[in-house]
Amino acid sequence: MKLNADFKEKFNLESPITAMWEFIKTSLLTILEQTVPSKMSSSRFNQPWINQKIKKFTRQKRGALKKARKTKRKSDFDRYHRLKASTQKECRKAYRDYINDIINPELSANPKRFWDLLKVGNANLLEFRLSKIQMDSLTQKAKRRQTF
């Protein structure tokens, strides 16, 4: 309603259209900034191996830390440390599973994921994991290298 009244007060039929448009545009942008809520999205869980279980552990850990800092009780800090350890354990397990899924004995089944991981810069990790893969014979190893 205020926009309508201000517009009628400021402009008439002979007013230039560009001036009217600029007034409407700036007024709408001002209203947008004042009334529409905005939220910053978090990039906290952007790793591909983070799943719902790990997110749940992380939220519990964060809540336990807040409570421990607020109450300063040893039992709350102990709970936080237990949750921290279990979160790290689950995260490391999920990461290992993710890497092992990419670098499986059947590399030719999905080579794109393998090369994507190489592009990211985890060559040392890949080399270590590949050294653990059991090759049946030298011929299989040679064939595997020929496919890539």
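Please treat every number below as a calculation from the coordinates, not as lab data. Only a predicted model underlies this, so the values are computations on that prediction, with no experimental measurement involved. For neighbour counting, all protein chains shown are included, and Cβ atoms are generated from backbone atoms with ideal geometry for every residue, glycine included.
When Glu14, Glu22 are sorted by how many other C-beta atoms sit within 10 angstrom of their C-beta, beginning with the fewest, the order is Glu14, Glu22.
Maximal additional length on extending the Arg62-Lys8 stretch stands at 14.1 nm, based on 0.36 nm per residue less the C-alpha distance.
Among the trypsin sites (Lys or Arg not before Pro) within region 1-106, those in coil by DSSP and having at most 10 neighbouring Cβ atoms inside 10 Å are Lys39, Arg44, Lys72.
Going from the fewest other Cβ atoms within 10 Å to the most, the residues Ile99, Ile17, Ile31 appear in the order Ile17, Ile31, Ile99. Output the pairs from Lys39/Lys66; Lys67/Lys89; Lys10/Lys39; Lys39/Lys70; Lys39/Lys61 with a Cα-Cα distance over 28 Å in this structure; if there are none, say none. In this structure, Lys10/Lys39 exceed 28 Å between Cα atoms.
Quick one: if you stick a label point 7 Å off each Cα along the C-beta vector at Thr30 and Lys70, how many nm between them? Label-label distance for Thr30 and Lys70, simple model: 4.0 nm. Cβ crowding within 10 Å, taken as a proxy for footprinting-reagent exposure, orders Trp21, Trp49 from fewest neighbours to most as Trp21, Trp49.
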